[in-house]
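Novice: Could you have a look at this structure, given as structure tokens, before my questions?
The values are calculated or read from the model by the stated rules, or taken from the named source; none is laboratory data. None of the values given here were measured: they were computed from a predicted structure. Every residue, glycine as well, gets a Cβ built from its backbone with ideal geometry; the counts of neighbours run over all protein chains shown.
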């Protein structure tokens, strides 16, 4: 990435903590300016959260702007893009990272419509329609002659193909993201815009803190992961950074597993 006139711009949803923070910081390290989307951004809190990440990006010598928005809210989709464009004038990379798990796990025969709609709204519906808007803008940028790689990233999960019957709606939402990736890769290829799915495995974040002891034991025993360690947010961030640099420009639609080998079928 260059510090020249045409700076590269990344837009990351759910960028205030966990995997999102890891992605934002790795993009900054590879030379991108970043728009950080967070539902709970508070400008008075600068030692953590979205504004804490903003400070970390700026310490790396890049620019950052925080956009307080809810990816599940239809009224926020256009505003997210508009605020990113107001700050930077372009978007070269969209990372659909924002996501939630269940407030309460249910046997799938007891799953409620409230839980289903909440998870699907944040994890699948919002990313689809936000990507639709950003993709249109990227096409306009390409037609106007903007150089450099442009790409869409969907951060899904090993749950896209791994059954968890006590959180069915989460698995369904991530499987849906996998198809979003295939569809946008197909639709946008003619414009030179790539789409990629990142499938994190067991990553050390707030979301997995409640099951730490369980996975510590499974990882230690060696039956779960060939690479016997927790994944870190920066592991995911480095995969996204490779896409941002254009390292995978001839691999649109690719699924990138960041899972310590979980996806391998072993006897």
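Novice: Residue by residue through segment 29-57, note down the ones that are under 19 Å from residue 93 (Cα atoms) and assigned to a helix (DSSP H, G or I).
Specialist: 29, 50, 53, 54, 57
Novice: Quick one: in segment 113-152, of everything that is crowded, with 17+ Cβ neighbours inside 10 Å and outside any helix (DSSP H, G or I), which residue is farthest from the chain's Cα centre (by Cα)?
Specialist: This residue is 148.
Novice: A further question on this structure: Would you pick out the residues in segment 91-112 that are part of a loop (DSSP other than H, G, I, E, B), more than 16 Å from the chain's Cα centre (by Cα) and either under 16 Å from residue 197 (Cβ atoms) or free of Cβ contacts under 8 Å to residues at least 60 places away in the same chain (or both)?
Specialist: Selection gives 103, 104, 107, 111, 112.
Novice: Considering every residue within segment 174-182, establish whether at least one is under 20 Å from the mean Cα position of the chain (by Cα) and under 14 Å from residue 100 (Cα atoms).
Specialist: Scanning segment 174-182, I find at least one residue that is under 20 Å from the mean Cα position of the chain (by Cα) and under 14 Å from residue 100 (Cα atoms), so the answer is yes.
Novice: Let me ask something additional. Quick one: would you say residue 105 is surrounded by fewer than 17 Cβ atoms within 10 Å (Cβ to Cβ) and modelled with pLDDT under 95?
Specialist: For residue 105, the condition - surrounded by fewer than 17 Cβ atoms within 10 Å (Cβ to Cβ) and modelled with pLDDT under 95 - is met.
Novice: Check segment 230-243 and report whether any residue there is without any contact (Cβ under 8 Å) to a residue 24 or more places away in the chain and over 23 Å from residue 29 (Cα atoms).
Specialist: No, segment 230-243 has no match at all.
Novice: Consider residue 65 carefully, then state whether it is assigned to a loop (DSSP other than H, G, I, E, B), within 28 Å of residue 231 (Cα to Cα) and at pLDDT 95 or above.
Specialist: Spelling it out, it is not the case that residue 65 is assigned to a loop (DSSP other than H, G, I, E, B), within 28 Å of residue 231 (Cα to Cα) and at pLDDT 95 or above.
Novice: Report whether or not residue 244 is in a helix (DSSP H, G or I) and surrounded by fewer than 20 Cβ atoms within 10 Å (Cβ to Cβ).
Specialist: No.
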